[in-house]
1. Would you be able to tell me the number of residues in the stretch 9-21 that are exposed (fewer than 10 other Cβ atoms within 10 Å of the Cβ) and assigned to a helix (DSSP H, G or I)?
2. Do we have any residue at all in the stretch 49-61 that's part of a helix (DSSP H, G or I), hydroxyl-bearing (S, T, Y) and modelled with pLDDT under 75?
3. P79 versus (1) modelled with pLDDT under 85; (2) surrounded by fewer than 10 Cβ atoms within 10 Å (Cβ to Cβ): which is the lone unmet condition?
Amino acid sequence: MKEKIVNRKAQAQRGYTIVELIVAVAIIMILAALAIPGYRRTVQYMRISGDMRNLNAVVAQAKMARGGGLHTRARLRGPGGKHVSP
């Protein structure tokens, strides 16, 4: 008799309950909701920084082509008002 009770408990503990699964999914959704805005902001900043770097390179090449040299390059500002150098 005792063996049957032990076997039934072992069979009952094989999987997760629906409540446990819902709680796990809710935790993952909360973490994703916190992480996604920061990720988007970082991606946008990196794109702008890359664009500013490319723009500075084009300005430097244009100045070199007309004989101005690199010492006269323009200092452009990137995101947050920071100077971006090529």
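The values are calculated or read from the model by the stated rules, or taken from the named source; none is laboratory data. None of the values given here were measured: they were computed from a predicted structure. As a convention, Cβ positions derive from the backbone with ideal geometry for all residues, glycine included, and neighbour counts pool all protein chains shown.
1. In the first step, residues of the stretch 9-21 are kept if they are exposed (fewer than 10 other Cβ atoms within 10 Å of the Cβ); the result is 9-15, 17-19.
In the following step, the residues that additionally are assigned to a helix (DSSP H, G or I) were identified as 9-12, 18-19.
Summing the residues that are exposed (fewer than 10 other Cβ atoms within 10 Å of the Cβ) and assigned to a helix (DSSP H, G or I) in the stretch 9-21 gives 6.
2. No.
3. Tallying (1) modelled with pLDDT under 85; (2) surrounded by fewer than 10 Cβ atoms within 10 Å (Cβ to Cβ), P79 fails exactly one: (2).
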